[in-house]
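The next block holds one structure in the form of C-alpha cells; read it before the comments.
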Amino acid sequence: MERLSGADAIIRSLQEEGVDVIFGYPGGAVLHIYDALFQQNQVRHILTRHEQAATHMADGYARSTGRPGVVLVTSGPGATNAVTGIATAYMDSIPLVVLSGQVQSHLIGTDSFQETDMVGISRPIVKHSFLLKSAEEIAPAIKKAFVIATSGRPGPVVIDIPKDITNPTDLIDFEYPDTIEIRSYNPASKGHSGQIRKAVSMIMEAERPVIYSGGGVIQGEGCELLTHLTRTLGYPITNTLMGLGAYPGTDPQFLGMLGMHGTYEANMAMHHSDLILAIGARFDDRVTNTVPLFCPTAKIVHVDVDPASISKNVTVDVPIVGEVTQVLEEMNQLVDAQIGERTEGQKNVLADWWTQIEGWRGQDCLKVIREDDDKQIKPQEAVQAAYELSGGDAYVTSDVGQHQMFAALYHPFDQPRKWINSGGLGTMGFGLPAAMGVQLAFPDEQVICITGEGSIQMNIQELSTCSQYGLPIKIINVNNQALGMVKQWQDMQYEGRHAHSYMQSLPDFVGLVEAYGHVGFRIETVDDLEPMMKKAFSLKDRLVFVDVLVDPEEHVYPMFVAPNGSMRDMWLRRGVRT
Amino acid sequence: MRRILSVLLENEAGALSRVVGLFAQRNYNIETLTVAPTEDQSLSRLTLTTHGNDREIEQITKQLNKLIEVVKLVDLTDGSHVERELMLVKIRATSSQRAEIKRTADIFRGQIVDVTGSTYTIQLTGTKDKLDAFIGALGDAVIMEVVRSGSSGLSRGEKVLAI
C-alpha cells in the first residue's frame, strides 16, 4: 500500500475525486498542504485576495458546472472569512467542499494563535462538517464530504484539519475508497408512484394550472424533463429567482419570474390558479407574500428532494419526495400517455385560461418609460444592452440589489446554469468572484457580471486576481450612486429619508480598474450605451469594466404590496398598484 | 402539546451539538434532554421533550432527520410508551419534619439515599407529572436542591427503535 503524509493524502484525495481547480489562500495552519499542492500539477490552485471571494469563486464554479467547488483556507481569520461564502452556498443548496486548516491538535481549546472553532462557527450553515483527529481519517472524510455535498439536497461540507495530521514526515497507509457507506444518510431517490399518479390526474384535470419551478430543477439536472412536461401539457410556467433558465426564458409559455419582484402575469396567474405544480422550489417568503393569503383557490403538488422543504411554509396537497429527474420521468410517461385523451371541453377551458393570462401579459409590466428628451440611462436599459450585445447566451452573475432584480427581469435565460446569483442569502460581493469561478470553468465562454457600485466594492480586490489569471470578464456596473434597493424601500416606506443609502466618495472606477491592469469605460448618456457596450464586448481577451451611470430615481417594479398583501397585490409603477 | 422524541445518534464528537444547535437555530425549544451511549457503543440514544403543534413537530422531526448523524428517530407520543425520569431532591430535614418527609417519600416510593443530621436526599423515579406532584406534596419542607435527569422513554410492546 502507498505511504503518504497527511498533506499528500489530502491532495491525492482531491485528485481521486477529479478536482481540477481549487480556490484558496495560504496561512500557517495549511502550509504543509500548500507544500504538497506545490509538488503536483493535477489540481490547479487559484490564489484569491480574500477567503470570502475564494468561497464565492468555488460557488460560481459549482453553479455553472454542476460539479462541487473546492476551497482551501487557513485557520482562524482564514476560516471566518470563508463563512459568508459558505452561508451563501448553504442557502442556495450549492455543493462545496471547504478544507480549513486548524491549529495543532494539542493546541485546540487553548486560545492559540489563529485558532477558532470552525466546526462550531459553521455548524448552522453547513450540510455537514468534520473535525479530523488523525491522518487516517483524511481519505474517508474527503470521500464522505464529496458524497454528502453532491447528493440529495446539495450543500457545503467543511473539513477542519489540524496542522499536525498533515505533517510531511508522518506517513500513513493511503487508499482512496471507491464508495463509502454512511448508514445514517439515505437521501430520497424515487418518488412515491401512487402520489405521482394522483398528482398527474390532478394536473390533467386542472383548469387554471401553473408550473412553478425553482433552483432544485437546475441542481437536479431536470430541465429537459421539465421543458418536455411543460410543452406537452401546454401550461404556463414561472421560475423563481434561483430557477431562471430551467425553462427557456424567451418561450411564450414562460411568464417570467414570480415573487416580490416577479412579473404581473406570473404573480396573477399564481394567485388565480386552481393547481400549482411546484418543483424544486421552497415557497420562500419572497415568493409567497403573506402566507395565509397565498393562492387561495389552488391545490398544490410539491416535488422536492428534501422532505423538510415540503409543507414548511405552505401546506401542500400532494407531497412528492424524490429526485427531480426520477419524478419528472415518471410524470412525463403518464402525461405522454394521457395527453391524447384531452377533450375539446378541456382544451377550451385551458384556452380561456391562456386568454386571461395574455390579458395580464398585455399590461407590459416591464415596459421602460422614458421621456424623449431624457438622455439619462435607465438601469433596465443597461441590462437590455448587455443582453443584446453579448449575444444573449452568456453566463451572467449578479450581486445583490436593484441591479440583481433588473438582471433577472430584463435578461432572459434560455439555458440552465447561465444565471448565477445569491438568491437565498442575498450576499453583496458575490457577483465578481462568482463570475471568476465561472470563467475559470469555461475559459472560452462569455461571462458577464452585472453589479452595482455598492456591491462591487465588497470584493473589488479580486480585480487583482483577474489580472493574475487573465480572466476576460465583462463587468457591467449599474451605477446609481446609491444603495438602490435600500433607497427604494426608504422611498416607499420611510417617506424618502435616505438613511445612509448614498455612496459618497465613489472611486473613479475607470482609473481604478486601469490601475489593476484592466480596461474601463464610463457611459453617461443613452446615446453612448450601445456603441460603448458593443466596444466592451468586442475586447474578447480583456476584462472590461463598464461603469454605466443610470437614473438614480428608478425603482424596481412590479413589487409586492406588504405587509398583508397576497401575490396579486403589487405596485406596478410609482404610486400605481393593483 | 408536549412531545417525547427518541433519537438514535452516531456516537461521535459534535453530534449532540448539532442536535442542540438545530433547536436554537430554528427557534424550537428543548424542555428536557438526556443522552448516553447504547449497548452498541457506536450509537447514542437521545430523548428530548419539546412542545409544539403537529406542524411544528413535523418540521422538527424532518430537520432532525436531515442531520447526517441522526440514524433514526421516533416520536414516542405517537403511540403508547413508557416514560421515566430520575430526580434527586435535597431537603432540609430537622427533627420535627423528618418523619413527615419520610412518609411523603414512602407514599411516592422515593428512597432516601443520603442522610445527615439536618438533610435528606431523596431519589425518585417516575413520569414528569409524578415528580412534579412530589415537589408539590413536600409542602412546607425546605427544598435545598433539585436535580432531574430529564425524561427517557421506550415504546411499549414489540415496537423498537434500532438499526
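The values are calculated or read from the model by the stated rules, or taken from the named source; none is laboratory data. Since this is a predicted model, take the numbers as computed values, not measurements. As a convention, Cβ positions derive from the backbone with ideal geometry for all residues, glycine included, and neighbour counts pool all protein chains shown. Quick note on the areas: whole protein, heavy atoms, side chains included, nothing else; ligands and nucleic acids left out. Shrake-Rupley method; radii C 1.70, N 1.55, O 1.52, S 1.80 Å.
Scanning segment A:492-527 for residues that are among the small types (Gly, Ala, Ser) and surrounded by fewer than 16 Cβ atoms within 10 Å (Cβ to Cβ), which turns out nearest to A:Arg370 (Cα to Cα)?
My answer is A:Gly496.
Taking only segment A:123-139 into account, find how many residues are touching a Phe, Trp or Tyr at 6+ places or on another chain (Cβ under 7 Å), in a helix (DSSP H, G or I) and either within 14 Å of another protein chain (Cβ to nearest Cβ) or open to solvent by 30 Å² or more (accessible area, probe 1.4 Å) (or both). Count: 1. Within segment B:1-26, the set of residues being hydroxyl-bearing (Ser, Thr, Tyr) and in contact with a Ser or Thr (Cβ under 9 Å, 6 or more places away or on another chain) comprises B:Ser6 only.
Residues are listed down the side, and each one gets a yes or a no for (1) closer than 30 Å to A:Gln338 by Cβ; (2) part of a helix (DSSP H, G or I):
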| site | (1), (2) |
| --- | --- |
| A:Ala141 | no, yes |
| A:Ala145 | no, yes |
| A:Ile161 | no, no |
| A:Thr169 | no, no |
| A:Tyr176 | no, no |
| A:Asn186 | no, no |
| A:Gly191 | yes, no |
| A:Gln195 | yes, yes |
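For segment A:50-71, the criterion of being outside the structural domain of A:Leu432 (by the TED database), without any contact (Cβ under 8 Å) to a residue 40 or more places away in the chain and buried (at least 24 other Cβ atoms within 10 Å of the Cβ) is met by at least one residue. Condition test on A:Pro292, is it within 14 Å of chain B (Cβ to nearest Cβ) and within 18 Å of A:Val217 (Cβ to Cβ)? For A:Pro292, the condition - within 14 Å of chain B (Cβ to nearest Cβ) and within 18 Å of A:Val217 (Cβ to Cβ) - is not met.
Yes/no matrix, rows are residues, columns are (1) assigned to a strand (DSSP E or B); (2) open to solvent by 60 Å² or more (accessible area, probe 1.4 Å):
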residue	(1), (2)
B:Leu46	yes, no
B:Thr50	yes, no
B:Leu86	yes, yes
B:Lys102	no, yes
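Considering each residue of segment B:2-13 in turn, at least one proves to be part of a loop (DSSP other than H, G, I, E, B), within 10 Å of chain A (Cβ to nearest Cβ) and touching a residue at least 40 places away in the same chain (Cβ under 8 Å).
Here A:Ala308 passes the criteria (1) away from chain B (no Cβ under 14 Å); (2) touching a helix residue (DSSP H, G or I) at 6+ places or on another chain (Cβ under 6 Å) except the one numbered (1).
Can you give me the number of residues within segment A:108-120 that are crowded, with 17+ Cβ neighbours inside 10 Å and either in a helix (DSSP H, G or I) or within 11 Å of another protein chain (Cβ to nearest Cβ) (or both)? Number of matching residues: 2. Just to be sure I understand, how many residues within segment B:61-84 are assigned to a loop (DSSP other than H, G, I, E, B) and under 18 Å from B:Val20 (Cβ atoms)? Total meeting the criteria: 3.
Per the conditions (1) within 25 Å of A:Ile218 (Cβ to Cβ); (2) in a loop (DSSP other than H, G, I, E, B), the sole criterion not satisfied by A:Val157 is (2). At least 2 residues being of a type in the set (Val, Ile, Thr) is the threshold, and among the strands (runs of 3 or more DSSP E) wholly inside segment A:1-76 those reaching it are A:21-24, A:69-73. Looking only at residues of segment B:138-163 that are within 14 Å of the chain's Cα centre (by Cα) and open to solvent by less than 60 Å² (accessible area, probe 1.4 Å), we find that the one that is farthest from the other protein chains (Cβ to nearest Cβ) is B:Ser149. Restricting attention to segment A:384-412, the residues that are among the aromatic types (Phe, Trp, Tyr) and touching a Pro at 6+ places or on another chain (Cβ under 8 Å) add up to 2.
Residue-level analysis places A:Ser422 outside the set of residues that are among the polar types (S, T, N, Q), open to solvent by 10 Å² or more (accessible area, probe 1.4 Å) and not assigned by the TED database to the domain that holds A:Met260.
Of the listed requirements (1) of a type in the set (A, V, I, L, M); (2) out of contact with any helix residue (DSSP H, G or I) (no Cβ under 8 Å at 6 or more places or on another chain); (3) open to solvent by less than 40 Å² (accessible area, probe 1.4 Å), A:Leu293 misses just one: (3).
No other residue among B:Asp40, B:Asp75 is open to solvent by less than 60 Å² (accessible area, probe 1.4 Å), in contact with a helix residue (DSSP H, G or I) (Cβ under 9 Å, 6 or more places away or on another chain), under 27 Å from B:Gly157 (Cβ atoms) and among the acidic types (Asp, Glu) apart from B:Asp75. If the condition is being in a helix (DSSP H, G or I), basic (Lys, Arg) and either in contact with a helix residue (DSSP H, G or I) (Cβ under 9 Å, 6 or more places away or on another chain) or not assigned by the TED database to the domain that holds A:Ala386 (or both), then segment A:511-569 contributes only A:Lys534.
Per the listing B:Leu76, B:Leu64, B:Leu33, B:Leu48, the residue uniquely at pLDDT 95 or above, within 16 Å of B:Leu5 (Cα to Cα) and within 14 Å of another protein chain (Cβ to nearest Cβ) is B:Leu64. One residue alone among A:Lys347, A:Lys367 is modelled with pLDDT of 95 or more, open to solvent by 70 Å² or more (accessible area, probe 1.4 Å) and either in contact with a Cys (Cβ under 9 Å, 6 or more places away or on another chain) or not assigned by the TED database to the domain that holds A:Leu255 (or both), and that residue is A:Lys367. Flag not set for A:Glu51, criterion: at pLDDT below 95 and either in contact with a strand residue (DSSP E or B) (Cβ under 9 Å, 6 or more places away or on another chain) or more than 30 Å from A:Thr169 (Cβ to Cβ) (or both).
Looking only at residues that are away from chain B (no Cβ under 11 Å) and in contact with a strand residue (DSSP E or B) (Cβ under 6 Å, 6 or more places away or on another chain) in segment A:150-160, which one is nearest to A:Leu131 (Cα to Cα)? Across segment A:150-160, the extreme among qualifying residues is A:Ile159.
Answer with yes or no whether A:Asp414 is of a type outside the set (Val, Ile, Thr), open to solvent by less than 10 Å² (accessible area, probe 1.4 Å) and at pLDDT 95 or above. Spelling it out, it is not the case that A:Asp414 is of a type outside the set (Val, Ile, Thr), open to solvent by less than 10 Å² (accessible area, probe 1.4 Å) and at pLDDT 95 or above. Among residues of segment A:465-485 that are over 13 Å from A:Gly431 (Cβ atoms), those with a Cβ under 6 angstrom from a residue that is in a helix (DSSP H, G or I), sequence gap 6+ or separate chain, pair up as A:Leu471/A:Met436; A:Leu471/A:Gln439; A:Gly484/A:Gln402; A:Met485/A:Gln402.
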